[in-house]
1. Any idea of the accessible area per residue across the chain, 1.4 Å probe, to the nearest Å²?
2. For Rg and Dmax of the Cα atoms in Å, which listed value, (i) 12.3, 40; (ii) 12.8, 37; (iii) 14.8, 42, comes from the coordinates shown?
3. Please find, in a Gaussian network model of the chain (springs between Cα atoms separated by less than 10 Å), the residue of 17, 58, 33 whose mean-square fluctuation is greatest.
4. Considering only DSSP states other than H, G, I, E and B, which trypsin sites (Lys or Arg not before Pro) in the range 1-73 qualify as loop sites with at most 12 other Cβ atoms within 10 Å?
5. In whole percent, how big is the carbon plus sulfur part of the accessible area of the chain, probe 1.4 Å, protein atoms only?
6. Which longest uninterrupted range of the chain lacks any GluC sites (Glu not before Pro) assigned by DSSP to a loop state (not H, G, I, E or B) and surrounded by at most 12 other Cβ atoms within 10 Å?
7. Per DSSP H run of n ≥ 4, the term is -39500 (n - 2.57); total these for the chain, divide by its residue number, and report the mean residue ellipticity at 222 nm rounded to 500 deg cm²/dmol.
8. Relative contact order for the chain: what is it in percent, counting Cα pairs under 8 Å that are at least 6 residues apart?
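The values are calculated or read from the model by the stated rules, or taken from the named source; none is laboratory data. Every value quoted in this text rests on a predicted model; they were computed, and no experiment measured them. Reconstructed Cβ throughout: ideal geometry from the backbone, glycine too, with neighbour counts over all protein chains shown. Surface areas here come from the heavy atoms of the whole protein model, side chains and all, with no ligands, DNA or RNA. Shrake-Rupley method; radii C 1.70, N 1.55, O 1.52, S 1.80 Å.
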Amino acid sequence: MKIGDLIRAIDPHCHGGPDCFCFFCSHDSNRIGIVIERLNETNVNHSAGYWEILFDVGEWRLYGVEAEVISESR
């Protein structure tokens with residue numbers, strides 16, 4: 001994953017029901033966003049890095065393992 005990639009957030013704890021209060025469900029997000037910043041050092045790859053991502057409902061931070069790349073930037 002890198003800055004500019006289009007990603008989809010993956011939350012294994014989210015059940016998507018009407019009583020789910022995760023960031024994405026509570027904001028009715030489509031979970032698709034653009035990576036805007038890497039928040040950890042480049043050579044530190046714990047959980048595939050830590051990233052700031054701009055979603056349709058605002059910025060949110062995710063570990064790389066919580067996202068799948070759906071379109072890579074050039």
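1. On a per-residue basis, the chain sits at 66 Å².
2. Evaluating Rg and Dmax of the Cα atoms in Å on these atoms matches (i).
3. 17
4. Numbers: sites: 2, 8, 31, 38, 61; in loops: 2, 31.
Those that pass, being in a loop and sparsely packed, are 2.
5. 51 percent
6. With a cap of 12 other Cβ atoms within 10 Å, the longest stretch comes to 1-40.
7. Mean residue ellipticity, 222 nm, calculated: -1000 deg cm²/dmol.
8. Details: 130 pairs, mean separation 30.2, N = 74.
This gives 41 percent for the chain.
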